[in-house]
Amino acid sequence: MTYRLTLLAILCGLWILCAGPVPAQEAPPPVTSYLADPGTGARSHAIDQQHMVVEVRFVPEERLVRGTVTHIFEPLRAEVDSVYLDGPGIRYQSVQLNGQAVDYQAWPEGISIYPDAPLRWQQTDTLTISYEANPRHGLYFVGWDDPDGTARRQIWTQGQGPGHRHWVPFYDYPNDRMLTETIVTFDSDYEVVSNGELVETTEHDDGTTTWHYRMLAPHAGYLMMLAIGQYDVLPMTSKGGTRIRNYFYPDQPERAAPTYRYTDRMIDVMERETGVGYPWGPYANVPVHNFLHGGMENTTATIFSDAYYVDERAYLDRNYITVNAHEIAHQWFGDLVTMGRNEAIWLHESFATHYAKVIERALLGEQHYQWNQKRERDRALAASEDGAIPIRHTRAGSGRVYYKGSLVLGMLKDVVGKDEFDRVIEHYLTQHAYGPIISSDFFQAFDDVLGWNLDWFFEQWILRGGEPHYRVAYEAVGAADSAATEITVEQIHETGPLVGTFRMPIAVEVHYADGTHARERAWVDGASTTIRVPNPEGKTLDFVLFDPGHRVLKRLTFDRTTDELAAQALRAPLMIDRYDAVVALRPVLLAEKREALHAVFAQEAFPMIRAEVVQQLADDAESQTLLAAALDDPHHAVRGSALRSVPTLTADLVGGVEQALTDSSYQNMATALLRGARYRLDQSDTAAVERYLGQTEEVVGHDHNVRIAWLAVAAQLDRPDALDRLAELASPSYGFRTRVAAFEALEQLGAVDERVAGYLLDAMTHFNRRLRGPATQLFDRMHEQETLRGVLEAAYEAGSWTEREARMLERRFGR
């Protein structure tokens with residue numbers, strides 16, 4: 001879940017920390033201030049829900065839920081004279097307490113139950129509620145209103161948000177955990193998936209089947225799940241014995257293997273890294289259509305967007321690996337141990353993001369791990385532009401809670417040592433298994449296991465905001481045996497009550513022209529630190545690395561010559577340091593860096609560095625041979641970089657573009673089709689464009705990306721049905737990615753008619769913000785144009801809208 005903050009810092013709490021003779025790395029700052037957090041704290045509740053049994057049937061054409069929920073609970077106080085459950089919009093038909101009808105009051109957001117006599121602690125009570133609901137959140141009916149029958153018909157849930165309270169009345173907050181059972185009766189032609197073990201299925205004479213699932217250990221209610229669709233199963237078993245059911249679409253069986261690649265091994269890695277076995281029994285993956293997020297870590301059964309359900313070709317462009325690893329990591333961090341307070345969400349997302357990266361490192365190698373680290377740094381530093389908000393804050397946002405937190409855990413591992421960190425994690429998970437956690441539980445685990453006071457680390461990285469900005473310079477000093485390189489590190493970020501100077505152990509490396517290097521690791525602390533690296537043999541410097549491998553999250557100002565950057569790009573041992581040097585060459589004049597970039601391209605194995613070289617040389621007339629080689633590169637990312645970056649195709653390059661019409665990547669194929677067609681149309685060579693269309697006519701691509709490009713090109717040749725077919729892909733029969741791409745193509749072609757405008761207005765009211773957001777942006781652009789404004793108005797008047805949809809649209813029209 002993503003939060004944003006655009007408010008001024010509010011200071012609260014002034015703590016004077018004890019001073020004393022502690023080791024330098026443990027010395028805490030004398031004064032710390034924190035950002036006030038109005039959203040912090042746990043929700044109060046009067047009962048402990050211990051067991052929840054949900055029995056449901058559906059009328060999908062009416063988006064109707066008919067259910068009965070049974071709660072077995074214990075009062076948490078000496079006397080409880082009323083019980084409140086969440087349940088917005090639910091219609092209650094009967095309520096029984098301990099088998100007897102009981103008074104209740106339905107409210108807009110839930111229900112209050114009033115026992116005849118106060119309930120008392122140390123007794124167990126049973127509450128049974130029969131109800132109906134037409135939920136707008138939490139449970140989604142997908143495809144049932146598609147008149148063409150093109151869309152997949154599914155029912156699926158999303159509990160985090162919160163969501164489940166819209167279709168099941170219960171206390172919906174993660175500080176209460178319970179055993180859950182789901183009993184679902186539905187059409188026998190469909191498969192029903194829920195949490196835990198499948199206890200039994202019962203077939204009925206009316207063509208329905210009842211599926212009964214049961215959890216064997218307690219979990220938070222928002223982690224309950226339900227998915228109904230037409231599926232087959234690819235089974236796996238991890239080395240540790242975890243039974244895995246990977247659901248796939250029967251009409252696309254070729255996508256199952258690439259989608260679920262490494263799933264069993266991911267669980268093995270998590271068990272090895274945490275020291276704790278998979279804690280839940282079975283595990284399942286279920287793809288669903290138009291899902292709200294990448295995936296959701298429901299206990300024992302992850303639901304994920306079928307945008308990640310891919311064949312081997314689409315696997316190159318977008319795959320399920322990272323999302324899969326993230327949701328598997330959540331089975332430990334978020335499910336086994338679950339936040340008891342809102343501000344502890346980082347204990348879920350930072351850990352799942354970090355361990356997903358660890359999983360991928362084990363499966364895909366060190367360079368892949370470094371690239372993931374780089375992407376996290378970019379997102380974390382971008383988030384800090386919004387202000388110095390701590391990770392442990394309810395409005396920290398995904399850039400901090402996911403990516404900065406992941407990097408901070410890696411830094412913590414570096415500070416204490418991996419073996420030590422792993423011992424702490426095993427203790428933390430074991431100590432708090434199947435229970436609630438808050439941030440101090442994690443902090444305390446280091447004291448419990450290692451006897452180590454790490455308050456200084458948690459203060460600067462978790463409880464306070466910001467990141468260090470280091471300015472680094474170096475010079476050769478001394479002579480003969482006393483020769484050395486002195487590296488000066490200044491902290492130049494703005495400091496104040498919420499952000500101070502940072503204290504971290506950081507390595508420096510001095511690399512010499514003879515291929516050797518010297519390394520020192522020192523504590524960088526305070527406004528300025530000097531690190532001395534002895535050079536008794538007086539070797540000639542080649543380049544200097546500050547924090548090789550980017551172990552510390554930071555901004556860095558480090559002026560170096562073009563020759564030094566070129567040397568680093570060619571000879572730094574770690575891929576990410578070579579990449580950073582190439583990126584640092586961006587502002588350098590082509591004439592000064594061309595030779596170095598050509599040398600990097602010739603020797604570099606990592607594709608993203610070659611791709612960066614291509615971007616910098618894309619408009620260089622003297623690099624045509626290199627660009628032609630890039631179009632023929634073994635790696636799809638390098639070919640893609642060339643296809644996208646070269647601003648103007650030439651006769652020397654068009655052959656490489658045409659070759660990409662059969663590329664192993666759908667994205668490259670779509671790009672090549674559009675760029676090649678544009679080049680040939682500029683030359684009035686329609687015969688070549690027809691040839692391109694013939695080559696790619698049978699390729700749909702992933703999310704119809706090649707088909708949309710094909711139809712866009714065909715429309716420029718005035719193919720009679722091209723625009724009609726493109727408009728169809730913008731209709732509600734298709735997924736959000738397909739619809740967004742189709743809308744964009746139709747806008748560029750100037751082909752938005754009343755039909756397309758109607759689809760656009762429908763998209764603006766969709767439950768999925770990843771469709772709703774782009775559609776609204778397109779509407780805003782169109783609404784500024786007088787001719788298109790009339791088209792939109794006509795589509796609105798011709799449409800059939802619910803009261804809620806009409807309100808949404810009329811607000812956008814400015815009515």
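The values are calculated or read from the model by the stated rules, or taken from the named source; none is laboratory data. None of the values given here were measured: they were computed from a predicted structure. So basically every Cβ, Gly included, is an ideal-geometry build from the backbone, and we count neighbours across all protein chains shown. All accessible areas refer to the heavy atoms of the entire protein, side chains included, with ligands and DNA or RNA removed. Shrake-Rupley method; radii C 1.70, N 1.55, O 1.52, S 1.80 Å.
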Quick one: net charge around S665, please, counting Lys, Arg +1 and Asp, Glu -1 for every other residue with C-beta under 13 Å from its C-beta. -1
Please list, in chain and number order, the residues 5+ apart from M339 or on another chain whose amide H is under 5 Å from its amide H, with Hs placed from the backbone. I437
Starting from the 7 Å offset along Cα-to-Cβ, what nm value, one decimal, do you get for the label separation of A217 and Q122? 3.0 nm
Report the paramagnetic label zone for Q659: residues of segment 665-706 whose backbone N is under 16 Å from a point 7 Å from Cα along the Cα-to-Cβ axis. 665, 668-669, 672-673, 676
Working from the pairwise distances between different alpha carbons, so that the mean of 1/r is found and then inverted, what is the chain's Kirkwood radius in Å? 29.8 Å
Under the definition of Cα pairs under 8 Å and six or more residues apart, what whole-number percent is the relative contact order of segment 220-362? 22 percent
Between A751 and R586, what's the calculated FRET efficiency when r is the beta-carbon distance and R0 is 22 Å? Round to 0.05. 0.05
Determine the gain in length on full extension of the stretch E366-D481; use 0.36 nm per residue of separation and subtract their C-alpha separation, reporting nm with one decimal. 37.7 nm
Excluding residues fewer than 8 positions from K418 in its own chain, the lysines with Cα under 21 Å of it are K357, K374, K404
Tell me the accessible surface of H427 in square angstrom (1.4 angstrom probe, heavy atoms of protein chains only), to the nearest ten. 60 Å²
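For V700, what charge total do you get from the other residues with a beta carbon under 14 Å from its beta carbon, if Lys and Arg give +1 and Asp and Glu give -1?
Details: positive: R255, R313, R707, R725, R737; negative: D251, E254, D311, D317, E697, E698, D703, E728.
Around V700, the surrounding residues sum to -3.
Quick one: accessible area per residue over the chain, 1.4 Å probe, rounded to a whole number of Å²?
On the way: 33660 Å² over 815 residues.
Heavy-atom accessible area per residue stands at 41 Å².
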Put T237, T557 in order of accessible area, largest first, probe 1.4 Å, and you get T237, T557
How much FRET efficiency would the formula 1/(1 + (r/R0)^6) give for K239 and E786, where r is the Cβ-Cβ distance and R0 is 56 Å, rounded to 0.05? 0.30
Using +1 at the C-beta of Lys and Arg and -1 at the C-beta of Asp and Glu, which of Y320, M575, F186 has the Cα lying farthest in the positive direction of the dipole of the chain? M575
For the chain, size of Cβ-based charge dipole, Lys and Arg +1, Asp and Glu -1, in debye: 960 debye
Paramagnetic label zone (point 7 Å from Cα along Cα-to-C-beta, T562; backbone N under 14 Å) in segment 586-613: 586-599
With the crude spin-label approximation of a point 7 Å out along Cα→Cβ, what separation in nm comes out for A382 versus D145? 3.3 nm
In sequence order, what are the phi-derived ³J(HN,Hα) couplings for segment 242-247 according to the Karplus relation 6.51 cos²θ - 1.76 cosθ + 1.60 with θ = phi - 60°, rounded to whole Hz, with x for glycine and proline? 5, 7, 10, 10, 9, 7
Could you sort W121, W801 by their accessible area in this structure, using a 1.4 Å probe and putting the largest first? W121, W801
Just how large is the dipole of segment 175-268 about the Cα centre, in debye to the nearest 20, putting +1 at every Lys and Arg Cβ and -1 at every Asp and Glu Cβ? 720 debye
List the residues, sorted by chain then number, that are 5 or more residues from L226 or on another chain and whose placed amide H is less than 5 Å from its amide H. T157
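Any idea what the dipole of segment 241-342 comes to, in debye rounded to 20, about its Cα centre with Lys/Arg Cβ at +1 and Asp/Glu Cβ at -1? Don't skip to the answer; put the middle values down first.
Numbers: 9 positive and 13 negative charges, 31 e Å.
Roughly 140 debye for segment 241-342.
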Gain upon complete extension [D311, D718; 0.36 nm per residue less C-alpha separation]: 143.3 nm
With runs of 4+ DSSP H residues as the only contributors, calculate the mean residue ellipticity of the chain at 222 nm using -39,500 (n - 2.57) per run, divided by the residue total and rounded to the nearest 500. -11000 deg cm²/dmol
State the Cα centre-to-centre distance between segment 464-486 and segment 285-335 in whole Å. 45 Å
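Name the shape class, rounded, prolate or oblate, that the alpha-carbon gyration tensor gives for segment 82-213, where a ≥ b ≥ c are the square roots of its eigenvalues, rounded holds for a/c under 1.5, and otherwise prolate holds if a/b is larger than b/c and oblate otherwise.
In terms of gyration-tensor shape, prolate.
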In the chain, with Lys and Arg counted as +1 and Asp and Glu as -1 at Cβ, which of these residues, F743, T562, W121, has the Cα nearest the positive end of the dipole, that is, farthest along it? T562
Once normalised by the length of segment 597-743, the mean sequence separation of its alpha carbon contacts under 8 Å that are 6 or more apart gives a contact order in percent of 14 percent
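Hey, with R₀ at 60 Å, roughly what FRET efficiency would L198 and E793 work out to, going by the Cβ-Cβ distance, to 0.05?
Details: r = 52 Å, r/R0 = 0.87.
Efficiency, rounded to the nearest 0.05: 0.70.
Which of the peptides 635-642, 582-589, 275-282 is most tightly packed, and how do the rest follow, going by the mean number of other Cβ atoms within 10 Å of each residue?
Numbers: 635-642: 23.1, 582-589: 15.4, 275-282: 17.6.
The most tightly packed comes first, giving 635-642, 275-282, 582-589.
Rounded, prolate or oblate for segment 472-612? Axes are the square roots of the Cα gyration tensor eigenvalues, ordered a ≥ b ≥ c, and the cut-off for rounded is a/c under 1.5. Write out the running numbers ahead of the final one.
Working: a/c = 2.03, a/b = 1.24, b/c = 1.63.
Oblate, because a/c is 1.5 or more while a/b does not exceed b/c.
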Could you bin all the Cα-Cα distances of segment 149-248 into 5 Å bins starting at 0 and give me the percent of pairs in each, rounded to whole numbers? 3, 11, 18, 22, 20, 15, 9, 2, 0
What nm distance separates the two modelled labels at D187 and E537, each placed 7 Å from Cα along Cα→Cβ? 7.7 nm
Considering only C-alpha atoms, what is the centroid distance from segment 784-815 to segment 175-216, in Å? 42 Å
Give me the Kirkwood hydrodynamic radius of segment 528-605 in Å, from all C-alpha pairs, to one decimal place? 13.8 Å
Rounded to the angstrom and largest first, Cα extents along the principal axes for segment 329-469 equal 36, 34, 27
Keeping all protein chains in the complex and leaving out DNA, RNA and ligands, what accessible area do you get for W156 with a 1.4 Å probe, in Å² to the nearest 10? 0 Å²
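Translational diffusion coefficient, Stokes-Einstein: compute it for segment 108-170 using the Kirkwood radius over C-alpha pairs as Rh, at 37 °C and 0.692 mPa s, and state it as an integer in µm² s⁻¹. Let's see the in-between values first.
Details: Rh = 14.9 Å.
This corresponds to a translational diffusion coefficient of 221 µm²/s.
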Quick check: at a probe of 1.4 Å, how many percent of the accessible area of segment 517-644 sits on carbon and sulfur atoms? 49 percent
